[in-house]
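Encoded as structure tokens, here's the structure I'll be asking about.
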Amino acid sequence: MANLLAISLGPSTHNAFLRRLVAALPGFLGASKGRRSALLLVSWLLPLWAAAQSTVSGQVMDATAPIAWANVVLFSPEGKLVAATTTKEDGNFALSAGNGAYKLKISFLGFADWEQDLQLEQATSLGTIVLRASATGLQEVTVLGQKQLVEYQPDRVVFKVENSVSATGGDAVGAIGAAPGVLVRNNAIGLLGKGAARVMVDGRLLELSGEELVAYLKSIPASSIKNVEVMTNPPAKYEASGDGIININLKKGLTNAWKNTATLAYEQNKYGAYALRDNLLYNKNKLRLALSAGGKRGNTNVQQTLDTRYPQGTWELRYAGKQHEDNASGQVAADYDLTPRTSVGVQYAGSYAAPTSRDYTVISIFSPRKVLDSLLVNSGIRQVSTNTHAYNAHLVSVLDTLQRKVSFDADYFAYNSKIDNDFGAETFLPLGNYLNTNLAARNISHQRVNNFSAKADVEHPLKWLSLSYGAKFSSIDSKSSIEYYNTRVENPVPDPSRSNAFEYRENTQALYVSGVRNTTEKLSAELGVRLERTQTRGYSATLNQLNSNEYLKLFPTAYAQYKHDANHSVQANYGRRVARPGFGILNPFRSYLNSTSYSEGNPFLQPSFTDNLELTYAYQAFRTNAFASRTAAGFGPVFTSFPATNTLVISRKNYFNEYAYGLGESYTATPARWWQTQTQLYVLGSKTRFVTDIQATPRNSLQLHASTSNTFTLRKSTKLQVDYSYSSPFTKGLYSVGYLSGLNLSAKQGLFHDRVQVSMLLNDVFNTNYLKDYTSTVNGVEQVYSENNSSRFFRLSLTYDFGNSQLKAAQRDFGNNDERRRTN
């Protein structure tokens, strides 16, 4: 029916007809209902909208292995450039163009050019294309060049960790923090000018946040990461939760080769720590294996300050902790080709961490005249143990020569933690004379998170466009408990009033459809829509309180790109996102942080929704980016102090609506063959309105953010990297934040034909790149908070690579490498 309608109307007529049809839908169906229905109908009418388009694909190899980064160019019969791309690491490529006659040319340094005339009428696969070595060859050529560190795509920014000097020897937290536009502060991972981001590994969402997420990411070595994708407006196939998505892609092995990478690293802050990692990749014939294992032992220094300025005098809290960073992790993945077009695979990843700490907190209590009145000393031992287990099974099948592909995934993720916090608070006079024991207690808390998900994705190339669609089901079950004991007596006494048990369940069902169309050789567009239905249930056994919620929402996405020529291009994208409260902050019970402050969750928290719009103009090495977003029913922590009792309460509320905006300039270039630079400068702003009755006034100011990363190739195997970032003080809604600035210096030296890499990193040279002066004023009381978790440290790492890239393997005309790109 779609084809008949398109033929009968003609391309221009049928596009005009569809535009008039969609414009009339809201009036026909009702205003609000019409808009929703129009979005759904547009997504299903995508094939009608597109003009005749076809794709040409293939895999480029030399005599033994795939060729990455080969140039693939499609010309018209008159020699005009129509489309161009480069091959991926596995040698695969794909180009789209209107039906007609073309010439395809493939070239790569050191090989003879490959050319072929094509007549595109439908999706065409050229299979394996073998390039022959150039007869002239290359003799004694030394190239001092840089591998690309950052790649900009219409819907994401790709940070290539394997090309970063500073990330060597570190973990996933450091790799994410080095990516453009990503901020890692105070156990929170967010995006510049936006909010918190969700994190994925190989396209699989991690159902963790805060300290739990950071602890898990620390178990992933940077040496096993290929790249980090930053998506502020992710396509419809990805979950709609979070203000954006950060996807960590792990390394895959080359075809018919094996490689082992061993890394030993030592890190020194105030204390010392060392790590040992090993990664093995093996690919031969139909089997692909990836194994990794490693661990870290040592300590880091944690410092926190909090000044609470009560009318009757300021309370100055100073905390110092020595935190153990002991962790171990392992991963195994296996993929097998059942047929040349179908593969199956399984994966397992597990980790264990014990970030135990010895805590010492002193609260200096001053009189209204700023005279020290007394000291409240909190000390204790916080013993922590966590473990995670992640399982995956998948199947990927290419259905036909048109490259229609279907994939199925089943995932199970389990997280378990136990915290045993034994602490006490004693009061002293200014000269140190003991007055009394204010509090002595022991908290034992448990948390268990189980997540199961299953999804199916289909890539369906058509003559008119590249269509993809799929479905996903996800179920989360979280159970947490706190056992509180009063230890002021000889035999600890349980305190039921301060103990708690909480259960939370969340189920989400999702459908999506997305279409990509190259309208002309210069203009391309992508439209998508995701439909999510979510049910939540929270139950406090202690309070006998049950809260449930259910909602059905549409999340549209749109992308457009216009390439005027090789030097000028314009991109625009739009997306709608949802931020769901974490199950931990939905727990209504109180968790005491020390003798004078506690944190409590809110079971009535509702999700917040954000609309994002971005516009980007690229000119040669420059990239100008403007964005605006609107958040409704935003939620977050509210620090409230009560002068009558000198108590600090940290609660969570849906308390604001907000508009945020930003304008930035990025410069990515190679000024010299030995120098590569990525520099960006952003001006950010916001306008916030409080929608609940909190005793505070919203304030907003502009923020200046600048960063630069420069890599210098001193010799073929010697690299130096200099990174600097600066963020000005700013105010946003309820909070103001002090300035941050950081200078990082790193160097890498290759030895023995680069099989051995020696790397050094001096992070935050001046110890100024940490959260400081985080200030809010609620209920007439100002609170100023700062936290420094060993921002300045030195790391020395040694990496040894060995392997064999010449494994004998059976030759096949068709190689199924698509599963390696399943989650791109």
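Within 30 Å of residue 601 (Cβ to Cβ) and surrounded by 14 or more Cβ atoms within 10 Å (Cβ to Cβ): which single residue out of 530, 517, 488 fits that description?
530
Working carefully through the options 454, 440, 471, find the one that is buried (at least 17 other Cβ atoms within 10 Å of the Cβ) and either out of contact with any Ser or Thr (no Cβ under 6 Å at 6 or more places or on another chain) or in the same structural domain as residue 560 (by TED's automatic domain parsing) (or both).
Testing whether each residue is buried (at least 17 other Cβ atoms within 10 Å of the Cβ) and either out of contact with any Ser or Thr (no Cβ under 6 Å at 6 or more places or on another chain) or in the same structural domain as residue 560 (by TED's automatic domain parsing) (or both) leaves just 440.
Taking the conditions exactly as written (hydroxyl-bearing (Ser, Thr, Tyr), closer than 30 Å to residue 519 by Cβ and assigned to a strand (DSSP E or B)), does residue 591 satisfy them or not?
no
Right, residue 296: at pLDDT 90 or above and buried (at least 19 other Cβ atoms within 10 Å of the Cβ) or not?
yes
How many residues does the range 759-802 contain that are surrounded by fewer than 17 Cβ atoms within 10 Å (Cβ to Cβ) and either among the aromatic types (Phe, Trp, Tyr) or over 28 Å from the mean Cα position of the chain (by Cα) (or both)?
Summing the residues that are surrounded by fewer than 17 Cβ atoms within 10 Å (Cβ to Cβ) and either among the aromatic types (Phe, Trp, Tyr) or over 28 Å from the mean Cα position of the chain (by Cα) (or both) in the range 759-802 gives 7.
Among the residues of the range 538-569 satisfying the criterion of being modelled with pLDDT under 85 and closer than 30 Å to residue 482 by Cα, which is surrounded by the most Cβ atoms within 10 Å (Cβ to Cβ)?
Here the answer is 542.
Could you tell me whether the range 600-620 includes any residue that is in contact with a Ser or Thr (Cβ under 6 Å, 6 or more places away or on another chain) and outside any strand (DSSP E or B)?
Checked the range 600-620: no residue is in contact with a Ser or Thr (Cβ under 6 Å, 6 or more places away or on another chain) and outside any strand (DSSP E or B).
Using the structure shown, decide if residue 572 is at pLDDT 90 or above and hydrophobic (A, V, I, L, M, F, W, C).
For residue 572, the condition - at pLDDT 90 or above and hydrophobic (A, V, I, L, M, F, W, C) - is met.
Being in a loop (DSSP other than H, G, I, E, B) and either touching a Cys at 6+ places or on another chain (Cβ under 9 Å) or modelled with pLDDT of 80 or more (or both) is the filter here; which residues of the range 42-69 pass it?
67
Of everything in the range 253-273 that's hydroxyl-bearing (Ser, Thr, Tyr) and crowded, with 16+ Cβ neighbours inside 10 Å, which residue is modelled with the lowest pLDDT? Spell out how you get there, then give the answer.
The initial filter retains those residues of the range 253-273 that are hydroxyl-bearing (Ser, Thr, Tyr), namely 255, 261, 263, 266, 271.
Narrowing further to those that are crowded, with 16+ Cβ neighbours inside 10 Å: 255, 261, 263, 271.
Details: 255: 65, 261: 89, 263: 92, 271: 94.
Filtering the range 253-273 for residues that are hydroxyl-bearing (Ser, Thr, Tyr) and crowded, with 16+ Cβ neighbours inside 10 Å, the one modelled with the lowest pLDDT comes out as 255.
Taking the range 424-477 only, how many residues are more than 30 Å from residue 124 (Cα to Cα) and not in a strand (DSSP E or B)?
5
Further, regarding this structure: Out of 263, 305, report the one residue that is of a type in the set (Ser, Thr, Tyr), part of a strand (DSSP E or B) and within 16 Å of residue 802 (Cα to Cα).
Unique residue meeting the criteria: 263.
Could we say that residue 408 is modelled with pLDDT of 90 or more and hydrophobic (A, V, I, L, M, F, W, C) here?
yes
Sort out which residues of the range 621-657 are part of a loop (DSSP other than H, G, I, E, B) and touching a strand residue (DSSP E or B) at 6+ places or on another chain (Cβ under 6 Å), and write them in order of number.
Answer for the range 621-657, where residues must be part of a loop (DSSP other than H, G, I, E, B) and touching a strand residue (DSSP E or B) at 6+ places or on another chain (Cβ under 6 Å): 621, 643.
Follow-up. Go through the range 104-113 and give me each residue that's under 26 Å from residue 153 (Cβ atoms) and either modelled with pLDDT of 80 or more or surrounded by fewer than 17 Cβ atoms within 10 Å (Cβ to Cβ) (or both).
104, 105, 106, 107, 109, listed by residue number.
Answer yes or no: is there a residue in the range 356-363 that is without any contact (Cβ under 8 Å) to a residue 40 or more places away in the chain and surrounded by fewer than 16 Cβ atoms within 10 Å (Cβ to Cβ). Quick ask: steps written out before the conclusion?
So in the range 356-363, the residues without any contact (Cβ under 8 Å) to a residue 40 or more places away in the chain come out as 356, 358.
Filter again for surrounded by fewer than 16 Cβ atoms within 10 Å (Cβ to Cβ), leaving 358.
Yes, that holds for at least one residue.
Moving on. With the condition kept exactly as written, say whether any residue in the range 640-648 is β-branched (Val, Ile, Thr), surrounded by 17 or more Cβ atoms within 10 Å (Cβ to Cβ), assigned by TED's automatic domain parsing to the domain that holds residue 242 and out of contact with any Pro (no Cβ under 6 Å at 6 or more places or on another chain).
The answer is yes; a qualifying residue exists.
OK, next. Are any of the residues in the range 80-103 at pLDDT 80 or above, farther than 23 Å from residue 151 by Cβ and among the charged types (D, E, K, R)?
Scanning the range 80-103, I find at least one residue that is at pLDDT 80 or above, farther than 23 Å from residue 151 by Cβ and among the charged types (D, E, K, R), so the answer is yes.
On to the next question. Among the residues of the range 323-336 satisfying the criterion of being in a strand (DSSP E or B) and either in contact with a helix residue (DSSP H, G or I) (Cβ under 8 Å, 6 or more places away or on another chain) or at pLDDT below 90 (or both), which is surrounded by the fewest Cβ atoms within 10 Å (Cβ to Cβ)?
Going through the qualifying residues, I end up with 326.
The values are calculated or read from the model by the stated rules, or taken from the named source; none is laboratory data. This is a predicted model, so every value here is computed, not measured. With ideal geometry, Cβ positions are generated from the backbone for all residues, glycine too; neighbour counts draw on all protein chains shown.
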